[in-house]
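First up is the structure itself, then whatever we jot down about it.
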Amino acid sequence: MRKTKKVLSVMLAAMMTTSLVVGCAGGGGETGNGKSESGGDGEKVTLRFSWWGGDERNEATLDVIEAYEKEHPNVTIEAEYSGDDGYQEKLSTALAGNTAADIIQMGPGWMPSYVAQGDFFVNFNDYTDQIDLSGFSEELLKKGTYNEDELLGIPTGVATMSFVVNKTLADEIGLDFTDLTWESLLEMGKKVQEYNSDYYLLNVDTAYLLTNVFRTYSMQITGKSFINDAEKKINPTEEQITEVLQYIRDLYSTKTVQAAGETATFEGATQTNTKWVNGEVVCVMTNSSQINNFTSANENAEYMVVNMPVQTDASKQLNDGYGLEPPQLMCVNKNSEHVEEAVEFLDYFFNDEEAAATLKDLRSVPPTENAQKICEEQGLVDELVIQSVELMSDKNGVYEMGLTTDAEIEAVFKTMIESVIYEESTPEEAAANGVEQINSILENK
């Protein structure tokens, strides 16, 4: 961890200067004049906590819950965890039906839509007797702030899109990831096929294609987010959308990626793709908070992170398309019967020293100064996570949190992508249909 001290000390500063790319009865109300004594022999409290993650994140979070329950014997926390596939849909249904958990891990991109739909989450600024926010930078907390300075979600870390390479396999094939472009990916995909037709360059699913290719490629060639929120209009032209979809189609036609029908089983959990586990896929696009999921899936390989792809023609690129972002937000359900206790648990989750050491980098670089110091001293942040965040710290990607990440619009993006990768329509047809559907949605926003 030679770079740990240097990098962790500037992570939150980078967040302050970098534009971001691209996740019951009763109510909370105002707080009292002090913390409730939930650690004593008080009222028995049961809290539900929902999150998504890989095995290591899940186990660490369960360990934190167990430690908290030992210190607070009257509190029971029921864990509700899964992979990320389908998580948002289940959460939307639960919030609409007033059956959501008390403590909720949230995707930053989903928040604007939920905020527009209703008053679902507590404002942590009203609960400063229950949670200490002093360790977070002001700029980082702004990423969880909505509705005129209401802090509705607490960022779980500092993260970015990451390009993780199985260096062992890449070296074996003779691949060079210097100055990576979208076009060079296709050329490397052909080279991998020539080396072994059962091997593939890139491990992807629809979610990664949406966030790491579709939206990013579009941002690079337009310099803007996909949707203009103020005017409720699509920024890229239909021709530009077609270009992006054609590129995604090319990923499949060149066999740079495995056939969509073969990878559908691993949707939302691409680290479990047997070809990745067996060392038959060279690289993956993921979030820095999930790097460990992929490296631990095949521990026989050496890994490295490289810069994300750029446009082959530099004059065509108007934006980097990438930057730093919070990987998730932690929220408390405003309709929880035990709001204060839920907030107190998050105080422990973010500020307790043992919790920081347990959670380490499993939600990327930790969000508080103290947690970063603890992880620095104990060498608990993976070098690849540090390098990945460092690579993106000066990028100028637009923070696409608004209509671009609206659930209805993202569903259209996914439909466009799937219609192309399954060859149900041409890129031109998919773009035309998508533009029509998105415009119809925007008319009703």
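The values are calculated or read from the model by the stated rules, or taken from the named source; none is laboratory data. Remember, it's a predicted structure, so these values are computed and weren't measured experimentally. Here the Cβ is made from the backbone with ideal geometry for all residues, glycine too, and neighbour counts use every protein chain on show. Note: accessible area is taken over every heavy atom of the protein model, side chains too, but ligands, DNA and RNA are not part of it. Shrake-Rupley method; radii C 1.70, N 1.55, O 1.52, S 1.80 Å.
Among the residues of the stretch 385-422, those that are open to solvent by 60 Å² or more (accessible area, probe 1.4 Å) and over 19 Å from Gln240 (Cα atoms) comprise Glu390, Asp394, Asn396, Tyr399, Glu408, Tyr422. Scanning the stretch 296-310 for residues that are open to solvent by 30 Å² or more (accessible area, probe 1.4 Å) and in contact with a Gly (Cβ under 7 Å, 6 or more places away or on another chain) yields a total of 1. Of all residues in the stretch 413-437, those that are more than 18 Å from Arg215 (Cβ to Cβ) have Cβ atoms under 7 Å from Cβ atoms of residues that are buried (at least 18 other Cβ atoms within 10 Å of the Cβ) and among the aliphatic types (A, V, I, L, M), 6 or more apart or on another chain, in Tyr422/Ala260. Across the stretch 423-442, the number of residues qualifying as among the charged types (D, E, K, R), surrounded by 15 or more Cβ atoms within 10 Å (Cβ to Cβ) and farther than 17 Å from Thr237 by Cα comes to 0.
Applying the set (1) part of a loop (DSSP other than H, G, I, E, B); (2) open to solvent by 40 Å² or more (accessible area, probe 1.4 Å) to Ser315 leaves exactly one unmet item: (1).
The set of residues from the stretch 313-328 being modelled with pLDDT of 95 or more and among the hydroxyl-bearing types (Ser, Thr, Tyr) comprises just one member, Ser315. Whether a residue is over 23 Å from Ile386 (Cα atoms) and either among the small types (Gly, Ala, Ser) or buried (at least 18 other Cβ atoms within 10 Å of the Cβ) (or both) was assessed, and Leu209 passes this test.
When Asn292 is tested against (1) touching a Gly at 6+ places or on another chain (Cβ under 8 Å); (2) under 24 Å from Tyr399 (Cβ atoms); (3) at pLDDT below 95; (4) of a type outside the set (Asp, Glu), only condition (2) is not met. Has the stretch 364-371 got any residue that is of a type in the set (D, E, K, R) and at pLDDT 95 or above? Scanning the stretch 364-371, I find no residue that is of a type in the set (D, E, K, R) and at pLDDT 95 or above, so the answer is no.
Of all residues in the stretch 363-381, those that are over 19 Å from Met330 (Cβ atoms) and either among the small types (Gly, Ala, Ser) or surrounded by fewer than 24 Cβ atoms within 10 Å (Cβ to Cβ) (or both) total 6. Looking only at residues in the stretch 109-126 that are touching a strand residue (DSSP E or B) at 6+ places or on another chain (Cβ under 8 Å) and either among the basic types (Lys, Arg) or in a loop (DSSP other than H, G, I, E, B) (or both), which one is least open to solvent (accessible area, probe 1.4 Å)? Checking each candidate, the answer is Val122.
Filter the stretch 276-293 down to residues that are among the polar types (S, T, N, Q) and assigned to a strand (DSSP E or B) and give me whichever is least open to solvent (accessible area, probe 1.4 Å). Break it down stepwise before answering.
Let us first name the residues in the stretch 276-293 that are among the polar types (S, T, N, Q), namely 278, 286-290, 292-293.
Checking which are assigned to a strand (DSSP E or B) leaves us with 286-287.
On the way: Thr286: 2, Asn287: 28 Å².
Of everything passing the filter in the stretch 276-293, Thr286 is least open to solvent (accessible area, probe 1.4 Å).
To keep it simple, each residue is scored yes or no on (1) farther than 24 Å from Gly323 by Cβ; (2) in a helix (DSSP H, G or I).
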position	(1), (2)
Ile386	no, yes
Val389	no, yes
Asp394	no, no
Glu408	yes, yes
Glu424	yes, no
Ser440	yes, yes
